[in-house]
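Below is one structure; the comments refer to it alone.
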Amino acid sequence: MQRRRRINPTDDANIFAHTGRDKLGLDINYINAFKGGGIFTSALFEKGDFLCEYRGDLISNEECERRQRIYHDTLKVFMFEFRFSGKLWCVDAAKEDGSFGRLVNDDHISPNAKMKYLTVQGKPHLCFFAIRDIVPGEEMTYNYGYSDLLWRSKVIFYFVMLIP
Ligand SMILES: C[S@@+](CC[C@H](N)C(=O)[O-])C[C@H]1O[C@@H](n2cnc3c(N)ncnc32)[C@H](O)[C@@H]1O
């Protein structure tokens with residue numbers, strides 16, 4: 001059987017980041033009332049493959065602080081702050097634009113994706129790559145990186161298991 005020719009994952013990420021589009025093979029699915037939606041694969045992704053970008057407005061730290069003062073908590077969760085080239089930045093993905101990256105959920109135990117910062121045309125882009133093979137139907141997840149998250153509490157976890 002002939003193996004499909006694999007595009008270099010960084011080149012792949014660069015193309016999608018440059019065009020601002022999402023690739024085929026990912027879908028948005030509703031999970032439950034607590035978790036909301038999530039991103040699920042409908043195709044096989046191999047370890048190392050580019051998955052999608054966490055897209056939104058790229059803003060300065062000052063603008064991020066200004067928006068955080070006026071945003072409701074439900075919007076603040078879409079603000080991803082990061083350090084790049086010695087400066088603080090934020091990608092504000094609060095706007096519901098149909099893109100996939102903003103809906104990727106947290107998993108600190110067995111995530112299947114990780115985020116890398118790529119420079120595309122001089123600007124930082126937050127891109128997700130598979131850290132293992134991901135088969136069709138799996139939820140795409142990554143480790144949000146901080147520990148004081150409500151759903152990581154065992155009590156909340158067992159409570160949520162009761163939600164239909
Ligand atoms: C960037 S959004 C991810 C998409 C979100 N599920 C949605 O439908 O809008 C982050 C929010 O998703 C929810 N979330 C993410 N990971 C979760 C998890 N492992 N368990 C429960 N809720 C989670 C939390 O409400 C969190 O504030």
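Brief remarks on what is shown
- Of all the numbered requirements in (1) in a strand (DSSP E or B); (2) under 24 Å from Thr119 (Cβ atoms); (3) not β-branched (Val, Ile, Thr), Gly48 misses one, and that requirement is (1).
- Qualifying residue in the range 31-40 (condition: touching a residue at least 12 places away in the same chain (Cβ under 8 Å), closer than 18 Å to Asp97 by Cα and more than 16 Å from the ligand (Cβ to nearest atom)): no
- Screening Thr119 with (1) touching a residue at least 60 places away in the same chain (Cβ under 8 Å); (2) more than 11 Å from the ligand (Cβ to nearest atom); (3) hydroxyl-bearing (Ser, Thr, Tyr) gives one miss only, at (1).
- Arg102 being surrounded by 12 or more Cβ atoms within 10 Å (Cβ to Cβ), of a type in the set (Lys, Arg), within 11 Å of the ligand (Cβ to nearest atom) and not in a strand (DSSP E or B): yes
- Filter pass, Arg66 being out of contact with any helix residue (DSSP H, G or I) (no Cβ under 6 Å at 6 or more places or on another chain) and either in a strand (DSSP E or B) or surrounded by 14 or more Cβ atoms within 10 Å (Cβ to Cβ) (or both): no
Only the coordinates and a few stated rules stand behind these numbers; no lab work does. Here the structure is a predicted model, which means the values were calculated and not measured. When we count neighbours, we look across all protein chains shown, and the Cβ atoms used for this are built from the backbone with ideal geometry, even at glycine.
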